[in-house]
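These notes concern the structure reproduced below.
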Amino acid sequence: MITDNAAIRRLLNLASFRYSNEAELQAGVAEVLTASGFGFDPISDREVILSPTDRIDFLIGTVGVEVKIGGSPAEIFRQLMRYAESPRIESLIVVTNKVRIARGLPGSVLQKPLDVISLAEAAL
């Protein structure tokens, strides 16, 4: 099973997504992950429950992937901090179409690597 942020990030950076809302972008990410054989099971690995109040969009091995097209960087960071507290998460990837989100997040959360894929900047 792939647990390497760099490999997952490369795959998602190369993909082209058509979406008008977060659910459609999540479906596109699921399709790319499934088609690429990245150890992703769209039924058991979608919306993985990490705690009674927290669900991450995808879990690939120990890499958590969260899709975000709304919210402030501070709100998203608080959410990522809760995810990073889970022993199931060793690293995180955020996929976003908002430059302010991409540029507003640090490179790690609770000493766990955080990669941000900025679809807006990739389109430039």
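The values are calculated or read from the model by the stated rules, or taken from the named source; none is laboratory data. Values in this document were obtained by computation on a predicted structure and should not be read as measured data. Note that we place each Cβ from the backbone using ideal geometry, even for glycine, and neighbour counts take in every protein chain shown.
So which residues in the stretch 46-79 are basic (K, R) and modelled with pLDDT under 90? Steps first, answer last, please.
Pass one, the stretch 46-79, residues basic (K, R): 46, 55, 68, 78.
Answer for the stretch 46-79, where residues must be basic (K, R) and modelled with pLDDT under 90: just R46.
Across the stretch 12-21, the qualifying residues are those that are at pLDDT 90 or above and surrounded by 13 or more Cβ atoms within 10 Å (Cβ to Cβ), and the one among them that is nearest to G70 (Cα to Cα) is Y19.
Quick check, is D4 of a type outside the set (K, R), under 19 Å from E90 (Cα atoms) and either surrounded by fewer than 16 Cβ atoms within 10 Å (Cβ to Cβ) or modelled with pLDDT under 90 (or both)? Step through it out loud before you land on a result.
Working: of a type outside the set (K, R): yes; under 19 Å from E90 (Cα atoms): yes; either surrounded by fewer than 16 Cβ atoms within 10 Å (Cβ to Cβ) or modelled with pLDDT under 90 (or both): yes.
Taking the combined requirement at face value, the residue satisfies it.
To keep it simple, each residue is scored yes or no on (1) over 14 Å from the mean Cα position of the chain (by Cα); (2) modelled with pLDDT of 90 or more; (3) among the polar types (S, T, N, Q).
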| position | (1), (2), (3) |
| --- | --- |
| A23 | no, yes, no |
| A27 | no, yes, no |
| F40 | no, no, no |
| S44 | yes, no, yes |
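Any chance the stretch 69-76 includes a residue that's under 16 Å from D4 (Cβ atoms), of a type outside the set (D, E) and outside any helix (DSSP H, G or I)? Scanning the stretch 69-76 turns up no residue that is under 16 Å from D4 (Cβ atoms), of a type outside the set (D, E) and outside any helix (DSSP H, G or I).
How many residues are among the acidic types (D, E) and assigned to a helix (DSSP H, G or I) when one looks only at the stretch 114-124?
Residues meeting the conditions: 1.
Among the residues of the stretch 71-117, the ones that are among the polar types (S, T, N, Q), touching a strand residue (DSSP E or B) at 6+ places or on another chain (Cβ under 7 Å) and surrounded by fewer than 20 Cβ atoms within 10 Å (Cβ to Cβ) come to 2 in all. Of all residue pairs spaced 6 or more apart or on separate chains, none has beta-carbon atoms under 6 Å together with a first member in the stretch 71-82 that is farther than 11 Å from R100 by Cβ and a second member that is exposed (fewer than 12 other Cβ atoms within 10 Å of the Cβ).
Which ones in the stretch 97-115 are β-branched (V, I, T), at pLDDT below 95 and out of contact with any Asp or Glu (no Cβ under 9 Å at 6 or more places or on another chain)? Residue satisfying the conditions is I101 alone. Considering only the stretch 92-113, state which residues are in a strand (DSSP E or B) and of a type in the set (S, T, N, Q). The answer is T96, S108.
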